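K.L.:
What follows is a structure written as structure tokens; I'll ask about it next.
Just so you know, all these numbers are worked out from the coordinates, no wet-lab data involved. Please read all numbers here as calculations on a predicted model, not as lab measurements. Note that each Cβ is placed from the backbone with ideal geometry, even for glycine, and that neighbours are counted across all protein chains shown.
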Amino acid sequence: MRRDVRPAGARPVTLLIGAHTPEAGGIAMAVRRAGAAGMTAVQVFTAPPQYYGEKVGVKPDRLARFREACAATGIPPAHVLVHAGYVLNTASPEPEKWAKAANGLAKELERSTILGTYGCCFHPGSAGKADRDAGIARVADAMTRALEAAPPGTTRLLVENTAGAGATIGRTAEEVAAILARIPAAQRGRAGYGLDTCHLFASGHPIHESPAQLAAVLDAFEQATGEPPAFFHLNDSEGALGSNRDRHRLIGEGEIGVEPFRWLLHDRRARGVPLILETPQARDDWADDDASADAYDVRMVELLRTLAA
């Protein structure tokens, strides 16, 4: 087990805590809502997640509003994580669906790079009834295509682990590592992965049992891939351990409980990477010009800061 223990009296490490804030009014307003909640990071969509978005660009006025919001809130673009559309299935064995997903992923990375964000994360998708190894190869091929087409920059393309429902790819450290191992050396530096706590738990990783068990799970991913996670999604789980249910709950109101998040926040791998809540919000009636913070987001951020102290 590898776990950092700070000496008594040491100052807390500044963590990049944020959430996927409401999207009404666009990415600039999402950043402003994160700032209002006291966040130091944020996650956004750059296009509606129910669509492939392969034709959506970043117009100059949109870029300017985003940069203004980042400057006003003190959340730099380098602390912004983009989440790709849910509809993208880069593991699909159907050529037309795969091509649309690959094109959509490439456009996601293009937009994210133009905005200067930290990274773009995505769900690898499902191989359906086809061979899992072939599905892993298709995910890697889509990532490679996106990376080769991306504008110059440091924005990374990050595959996210899955809850393991059906034939979804990426439920284990070995599958995530296999995807990344297929990325050509020239593009590998801009590729990586992140971990969702709900997905880990739902796919059978016992991160709730003890600090040692949590560290062992993180060790397994780091050893398999050769690198630590590039981000974490901090979500409690509605489903039980191994349920394969991707249903998020507020921290402390699900099956994982509060303490595992304390253990994670004190792990060295939580430092310097976006720690993003994707938990329920108190309301869904946001006006485009309403930059106020969501009450649940504020509560969760305060809880995480308490756990990290």
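K.L.:
Once amide H atoms are built 1.01 Å from N in the peptide plane, which residues 5 or more positions from Tyr193, or in another chain, come under 5 Å H to H?
P.N.:
The answer is Val159, Ala230.
K.L.:
Another question, then. Short version: ³J(HN,Hα) in whole Hz for each residue of region 290-305, in order, from phi by Karplus 6.51 cos²θ - 1.76 cosθ + 1.60 (θ = phi - 60°), x for Gly and Pro, what are they?
P.N.:
8, 9, 6, 7, 6, 4, 5, 4, 4, 4, 5, 5, 4, 4, 4, 5
K.L.:
Sum -39500 (n - 2.57) across every DSSP H segment of at least 4 residues in the chain, then divide by the residue count to get the 222 nm mean residue ellipticity, nearest 500.
P.N.:
Using -39500 (n - 2.57) per qualifying helix, the result is -12000 deg cm²/dmol.
K.L.:
Tell me, what is the percent relative contact order of region 19-308, built from C-alpha pairs under 8 Å that lie six or more residues apart?
P.N.:
Dividing the mean separation by the residue count of region 19-308 yields 18 percent.
K.L.:
May I pose another question? Each residue of region 77-82 in order: what ³J(HN,Hα) in whole Hz does its phi give by Karplus 6.51 cos²θ - 1.76 cosθ + 1.60, θ = phi - 60°, with x for Gly and Pro?
P.N.:
x, 5, 10, 9, 10, 9
K.L.:
Distance between the C-alpha centers of region 39-91 and region 140-213? Whole Å please.
P.N.:
19 Å
K.L.:
How much net charge surrounds Asn161 when only other residues with a Cβ under 10 Å from its Cβ are counted (Lys, Arg +1; Asp, Glu -1)? Kindly include the intermediate steps, with their values, before the conclusion.
P.N.:
Details: positive: Arg171; negative: Glu160, Glu175, Asp196.
With Lys, Arg at +1 and Asp, Glu at -1, the neighbours total -2.
K.L.:
Also: What net charge is computed for the residues neighbouring Arg65, neighbours being all others with C-beta under 15 Å from the C-beta of Arg65, Lys and Arg scored +1, Asp and Glu -1?
P.N.:
Values: positive: Arg32, Arg33, Lys59, Arg62, Arg67, Arg111; negative: Glu23, Asp61, Glu68, Asp288, Asp289.
Combined, the nearby Lys, Arg, Asp and Glu give +1.
K.L.:
Report the full-extension gain for the segment Arg283 to Asp141: residue separation times 0.36 nm, less the Cα-Cα distance, to one decimal in nm. List each step's numbers first, then the result.
P.N.:
Values: separation 142, 0.36 × 142 = 51.12 nm, distance 3.90 nm.
Taking Arg283 through Asp141 to full extension adds about 47.2 nm, to one decimal.
K.L.:
Enumerate the calculated ³J(HN,Hα) couplings along region 194-201 in order (Karplus 6.51 cos²θ - 1.76 cosθ + 1.60, θ = phi - 60°), each rounded to whole Hz, writing x wherever the residue is Gly or Pro.
P.N.:
For region 194-201, the Karplus curve yields x, 10, 9, 5, 4, 5, 4, 5 Hz.
K.L.:
If amide hydrogens are placed 1.01 Å from N in the peptide plane, which non-local residues have theirs closer than 5 Å to the one on Asp236?
P.N.:
Arg249, Ile251
K.L.:
Between beta-carbons, use under 14 Å as the cut-off and find the net charge around Glu238, counting Lys and Arg +1, Asp and Glu -1.
P.N.:
Here the count lands on -3.
K.L.:
Mind checking the alpha-carbon convex hull of the chain and giving the volume per residue in Å³?
P.N.:
Enclosed volume per residue, from the Cα hull, is 123 Å³.
K.L.:
So, one more: Once amide H atoms are placed 1.01 Å from N in the peptide plane, what residues at a sequence separation of 5 or more from Val87, or on another chain, have their amide H within under 5 Å of its amide H?
P.N.:
Distant-sequence amide H within range of Val87: Tyr51.
K.L.:
Further question: Take a quick pass over the chain and tell me how many lysine pairs come in under 22 angstrom between Cα atoms, counting only ones 8 or more apart or on separate chains.
P.N.:
7
K.L.:
Another question about this same structure. What order do you get for Val273, Val82 when you list them from fewest to most C-beta neighbours inside 10 Å?
P.N.:
Val273, Val82
K.L.:
Taking the number of other C-beta atoms within 10 Å as the exposure measure, put His248, His205 in order starting with the fewest. Provide the component values of the computation, followed by the final result.
P.N.:
Numbers: His248 23, His205 26.
Ascending Cβ contact count within 10 Å gives the list His248, His205.
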